[in-house]
C-alpha cells in the first residue's frame, strides 16, 4: 500500500502521484483514500473530474464501492490550473479522458508546491495506452498500479474488455459494458475475434455459385 511521504525538505515543490490500472481495480477508491487523509491533516484539498463522467453523480467522484468525495467537473484540463489556486493537494479522477494539456497542468501545480494525485486507466479497451496516461506516469514521482481480478481465470486483471461492439474510444460504462481480464484471457478473446473476422471477410469474397458447389 502507498504510504504518504510526510517529510518535505523543500516545500517550494510538490509532487505528482499516479494511480492506474484496469477498470474495477480500485483506482478511484485509492484516490479517495489519499484525499480524505489529506483532509484529516487539515490540508486544503480540491478534486476535479472530466465533465463527461456523470455515471454516478454529476458533482462527486464515486468509486465502484460507493465511496464518494465532492468534486468539480471541468470541460478541459486548463480549467484545473485556474481553479486550483491556493491548494495543498489536488486530486484528478479519470485523467485518461482529459486532453494532453493535463500533463503540463500537473507539472505546473507540482512546481508551485502542490501535491497532485491523479487516477486513470492505463489502457483503452483495445489494450493500447490511453490518452495522456503514459506521459503522466513518466513525469510522476510515484506510480501505483492496481489490479482487478479476472472474471474468467481468477488471476490479476490487466485489461478492460468491452463486451459490446461499440468502437468509440470513450464509452462510459460499468459491469454491463466492461469486464476485467487477465493478459491470457484478453489475448484469447482477441485472437478468436480476429479469426472470426477473417472468416467473415473470406465468406464475403466467395461467389455464391462457388458456395453451392
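A few remarks follow.
- Subset of the range 54-72 that is crowded, with 18+ Cβ neighbours inside 10 Å and modelled with pLDDT of 70 or more - its residue that is nearest to residue 31 (Cα to Cα): 69
- Filtered residues of the range 111-121 (kept if surrounded by fewer than 23 Cβ atoms within 10 Å (Cβ to Cβ) and under 30 Å from residue 157 (Cβ atoms)): 121
- Test: residue 102 is at pLDDT 95 or above and under 15 Å from residue 35 (Cα atoms): no
- Any hit, the range 36-46, residues being buried (at least 16 other Cβ atoms within 10 Å of the Cβ), at pLDDT below 95, within 16 Å of the chain's Cα centre (by Cα) and not in a loop (DSSP other than H, G, I, E, B): no
The values are calculated or read from the model by the stated rules, or taken from the named source; none is laboratory data. The structure presented is a predicted model; accordingly, all values stated were derived computationally and were not measured. Every residue, glycine among them, receives a Cβ derived from its backbone with ideal geometry; neighbour counts consider all protein chains shown.
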